[in-house]
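To start, the structure itself, in structure tokens.
The values are calculated or read from the model by the stated rules, or taken from the named source; none is laboratory data. Not measured: the values here are computed from a predicted model. A quick note on method: Cβ atoms are made from the backbone with ideal geometry, for glycine too, and the neighbour counts reach across all protein chains shown.
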Amino acid sequence: MPDYLDESVMKIVCNGEERTVAPGNKIVDLLRELGLEPDTVVVECNGVVLKREEYDTHLLTEGSVLELIRFVGGG
Amino acid sequence: MLTIAGREFGSRLFGGTGKFASAELMRDALAASGTEMVTVALRRVDLDDPADDIMRFLDRDRYLLLPNTSGARDAKEAIRLANLSRAAGGSPWLKLEVTPDPRTLLPDPVETLKATEELVKDGFIVLPYMNADPILALRLQDVGAAAVMPLGSPIGTNQGIITAFQVRIIIEQARVPVVVDAGLGAPSHAALAMEMGADAVLVNTAIAVAGDPVRMAKAFAMAVQAGRDAYEAGLGEARDKADASSPEIGLDFLR
């Protein structure tokens, strides 16, 4: 069955790449799946910067565009 | 003591965290520099290396983080990065950088002024990276910049203070601290900036790419202190004509 007919998966775009996640997944579930410690990442969802406490409640929806950002070395 | 936006800094050397060969080397060089303020950048997480996190090597009790908006090409991009930075670091401190041309990395004065004004209104403590333009420094100060950061020479060029004439005017006129940023390639460049009366300098590349970054960090720390001491002690005036250091009288016995 193609993805678009399968209601058990949702498509999102994370850091420019398409991914599939299960409906009902929250931001924190995606971060954990990616091996990221939530406290070390800033999340922008559809252009809005989320607060850390929202990671545990914010539901991913079909077509969500996420940017996962963190501090790196710079001058 | 240097004070920016009400916060005191024991060191007038600000450090960068880019270009170090390893995070451990960065940590040790920063410690050796004695700095209390370090810049960082914001980028997408590398999903292939989720554990790669520079923050594990930066002691937040020791260093105030100064996130930059490097990579921003206009005010809008800089403001987006600023909001991400405040969410990431929980702090309003910001080194505003708007550099539309990757070839020169020179800052855009119009977009920098626009972004400074908006970000200050939004509660950020803004330290704008700017070309060494004395009028722009006044304009940035007027819209609420906490300090101004004129460049000595373009980012990463190690050419020293090729803007000395303008930097002197900026220092003379400024009511906010002046931090000479970018292009300081040797401790002597940093000492010169401090002798001119700069309040602080920011050094990244020259320390990070040195053969021994820890030792270079110490060298910069000493140079910054030496330059500051010289400025406070009061330098003698430069003259065109010679002026003998030894007495001119008491030579009769020679003639």
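Quick notes on this one:
- One residue from A:Asn15, A:Asn46 being out of contact with any Asp or Glu (no Cβ under 8 Å at 6 or more places or on another chain) and either farther than 29 Å from B:Gly16 by Cα or touching a residue at least 24 places away in the same chain (Cβ under 8 Å) (or both): A:Asn46
- Residue within the stretch A:36-44 that is surrounded by fewer than 14 Cβ atoms within 10 Å (Cβ to Cβ) and farther than 26 Å from B:Ile79 by Cα present: no
- Scanning the stretch B:121-139 for residues that are part of a loop (DSSP other than H, G, I, E, B) and either more than 22 Å from B:Thr157 (Cβ to Cβ) or modelled with pLDDT under 95 (or both), we see that the one that is farthest from the chain's Cα centre (by Cα) is B:Asp122.
- Residue within the stretch A:55-68 that is surrounded by fewer than 19 Cβ atoms within 10 Å (Cβ to Cβ) and either without any contact (Cβ under 8 Å) to a residue 24 or more places away in the chain or within 12 Å of another protein chain (Cβ to nearest Cβ) (or both) present: no
- Residue in the stretch A:32-47 that is more than 30 Å from B:Thr39 (Cβ to Cβ) and either touching a helix residue (DSSP H, G or I) at 6+ places or on another chain (Cβ under 6 Å) or away from every other protein chain (no Cβ under 14 Å) (or both) present: no
- No other residue among B:Leu84, B:Leu105, B:Leu30, B:Leu96 is at pLDDT below 95, buried (at least 17 other Cβ atoms within 10 Å of the Cβ) and more than 10 Å from chain A (Cβ to nearest Cβ) apart from B:Leu105.
- Members of the stretch B:33-70 found to be in a strand (DSSP E or B) and facing another protein chain (nearest Cβ under 7 Å), listed by number: B:Thr39, B:Val40, B:Ala41, B:Leu42, B:Arg43, B:Arg44, B:Pro67, B:Asn68
- Out of B:Met130, B:Met194, B:Met216, one residue alone is more than 20 Å from B:Met1 (Cβ to Cβ) and surrounded by 24 or more Cβ atoms within 10 Å (Cβ to Cβ). It is B:Met130.
- Any hit, the stretch B:113-120, residues being over 20 Å from B:Ile54 (Cβ atoms), modelled with pLDDT of 95 or more and part of a strand (DSSP E or B): no
- Which listed residue, of A:Val65, A:Val49, A:Val42, is of a type outside the set (Lys, Arg) and over 11 Å from the mean Cα position of the chain (by Cα): A:Val49
- Check on B:Thr17, in a loop (DSSP other than H, G, I, E, B) and in contact with a Leu (Cβ under 9 Å, 6 or more places away or on another chain): yes
- Being among the small types (Gly, Ala, Ser) and more than 11 Å from chain A (Cβ to nearest Cβ) is a property that B:Ala23 lacks.
- In the stretch B:174-191, residue modelled with the lowest pLDDT [restricted to those that are surrounded by 21 or more Cβ atoms within 10 Å (Cβ to Cβ), of a type outside the set (A, V, I, L, M) and within 22 Å of B:Gly144 (Cβ to Cβ)]: B:Asp181
- The single condition among (1) more than 8 Å from chain A (Cβ to nearest Cβ); (2) basic (Lys, Arg); (3) in contact (Cβ under 8 Å) with a residue 60 or more places away in the chain that B:Arg73 does not satisfy is (3).
- Residue within the stretch A:1-19 that is modelled with pLDDT under 90 and of a type in the set (S, T, N, Q) present: yes
- The one condition in (1) more than 12 Å from chain A (Cβ to nearest Cβ); (2) more than 22 Å from B:Gly123 (Cβ to Cβ) that B:Glu8 fails to fulfil: (2)
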